[in-house]
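Written below as structure tokens is the structure these notes are about.
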């Protein structure tokens, strides 16, 4: 498993960027530095949650495309990624990155704190990466996302694991599973062996 170490150069560069006035979730330079700090093996994570060529996938909290761009490459031209966020600035940055990298299967979706507002009701998978812990209405959001899923579809929550040293504001698995249960989901897969992350895959109860 490939792991990227956080280095002093990353920390120094982050301080320099902030001193220069770089800010906002959609800032490309900060995004490039954030990836090593997050230290997620994206390819292996996609394997675990079942991202495959030709899939139609939604992503919530897509931000500036940390997970979106690799996932769009994985699903390929026959698939599609509907990238959702509540930040217009982040989505504009993602759209710019997709154009620059000539990725044409990403569709931008501006959502609400309680509803992703995906334009389709046949998504095979919805992914939330490094974002669920910031949701202000997680249970209501999960209830609303059901309407966009085809039968048998899943939701995958991927986040830093406080049980493996992540900061306290990240949510432990018990809290995530509890919210999922309140929204009418049940866990089908829980993996904590990739890059000190939690991967929790849930599906709506029948």
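The values are calculated or read from the model by the stated rules, or taken from the named source; none is laboratory data. All values reported here derive from a predicted model rather than from experimental measurement. Reconstructed Cβ throughout: ideal geometry from the backbone, glycine too, with neighbour counts over all protein chains shown.
Restricting 166, 80, 131, 98 to those that are touching a strand residue (DSSP E or B) at 6+ places or on another chain (Cβ under 9 Å), surrounded by fewer than 18 Cβ atoms within 10 Å (Cβ to Cβ) and within 19 Å of residue 42 (Cα to Cα) reduces the list to 166.
Do we find that residue 70 is over 18 Å from residue 135 (Cβ atoms), at pLDDT 95 or above and over 16 Å from the mean Cα position of the chain (by Cα) in this structure?
When the stated conditions are applied, residue 70 does not pass them.
I'd like to verify a number: residues in the stretch 116-174 that are part of a loop (DSSP other than H, G, I, E, B), out of contact with any helix residue (DSSP H, G or I) (no Cβ under 9 Å at 6 or more places or on another chain) and within 18 Å of residue 201 (Cα to Cα), how many? Summing the residues that are part of a loop (DSSP other than H, G, I, E, B), out of contact with any helix residue (DSSP H, G or I) (no Cβ under 9 Å at 6 or more places or on another chain) and within 18 Å of residue 201 (Cα to Cα) in the stretch 116-174 gives 1.
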